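For reference, the structure is listed below as structure tokens.
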């Protein structure tokens, strides 16, 4: 069995679509930009948000920074609660801990929000550490997040670690750090995106992930 598992949060452990899209719509509305339907905003789920405001909506760097601040205005009050844990995830985490695995969260979401979400949904007890981004925009790239997550695992060889996530940047970040990657198909990465990234494994369901990790 794998000794250490690094998990992404959004689209992997929880479905954050409602809270994230409501927060984006709030930010765009406040800035006077067109407000897309929630389904059109799904590509925002996972990558660094300021980057997505620039690349997906074409906002200038300054406007993207302000949009991120407006996003957090809604998210900090309501958006983080507009979330749900995927079926089977609590049991998977408990099973891994019961087998002695060490778990670390590695997410581009700011650490303060990630910790709040894990606590609210009663998942925090399963994790050794939470490694997220900083509110000032530092440590948002998955490569850096995974490197810092691995650094929390003293005594664990990286060869026995794996990262689980739903987007291509999760797979690429794991590869850059020399660890295995598992892509999950229930999140917000398209199958084409995930296959192109060439993960070590691709799981269609939480049950399949459980079988893979607990063997």
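Of note:
- Remark: residue 170 falls outside the filter, which requires a residue to be over 19 Å from residue 84 (Cβ atoms) and surrounded by fewer than 18 Cβ atoms within 10 Å (Cβ to Cβ).
Here is a yes/no grid of residues against (1) closer than 27 Å to residue 205 by Cα; (2) under 18 Å from the mean Cα position of the chain (by Cα); (3) modelled with pLDDT of 95 or more:
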residue: 57; (1), (2), (3): no, no, no
residue: 62; (1), (2), (3): no, no, no
residue: 73; (1), (2), (3): no, no, yes
residue: 78; (1), (2), (3): no, no, yes
residue: 82; (1), (2), (3): yes, yes, yes
residue: 85; (1), (2), (3): yes, yes, yes
residue: 88; (1), (2), (3): yes, yes, yes
residue: 92; (1), (2), (3): yes, yes, yes
residue: 97; (1), (2), (3): yes, no, yes
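- Of the residues screened, residue 72 is not one that is surrounded by 15 or more Cβ atoms within 10 Å (Cβ to Cβ) and part of a loop (DSSP other than H, G, I, E, B).
- Positions within the stretch 136-169 being without any contact (Cβ under 8 Å) to a residue 60 or more places away in the chain, in contact with a strand residue (DSSP E or B) (Cβ under 6 Å, 6 or more places away or on another chain) and on the phi < 0 side of the Ramachandran plot, in sequence order: 145, 148, 152
- Residue in the stretch 201-215 that is nearest to residue 4 (Cα to Cα), counting only those that are within 18 Å of the chain's Cα centre (by Cα) and surrounded by 14 or more Cβ atoms within 10 Å (Cβ to Cβ): 209
- Residue count for the stretch 184-195 under the criterion of being in a helix (DSSP H, G or I), in contact with a helix residue (DSSP H, G or I) (Cβ under 7 Å, 6 or more places away or on another chain) and surrounded by fewer than 21 Cβ atoms within 10 Å (Cβ to Cβ): the result is 1.
- Single match in 181, 158 (criterion: touching a helix residue (DSSP H, G or I) at 6+ places or on another chain (Cβ under 8 Å), assigned by TED's automatic domain parsing to the domain that holds residue 94 and surrounded by fewer than 20 Cβ atoms within 10 Å (Cβ to Cβ)): 158
- Among all residues of the stretch 122-129, there is at least one that is loosely packed, with under 15 Cβ neighbours inside 10 Å, at pLDDT 95 or above and assigned by TED's automatic domain parsing to the domain that holds residue 170.
- Among the residues making up the stretch 88-116, those that are part of a helix (DSSP H, G or I) and farther than 23 Å from residue 143 by Cβ are 89, 90, 91, 92, 93, 94, 95, 96, 97, 98, 116.
The values are calculated or read from the model by the stated rules, or taken from the named source; none is laboratory data. What you are looking at is a predicted structure, and each value in this text was computed from that prediction instead of being measured. Here the Cβ is made from the backbone with ideal geometry for all residues, glycine too, and neighbour counts use every protein chain on show.
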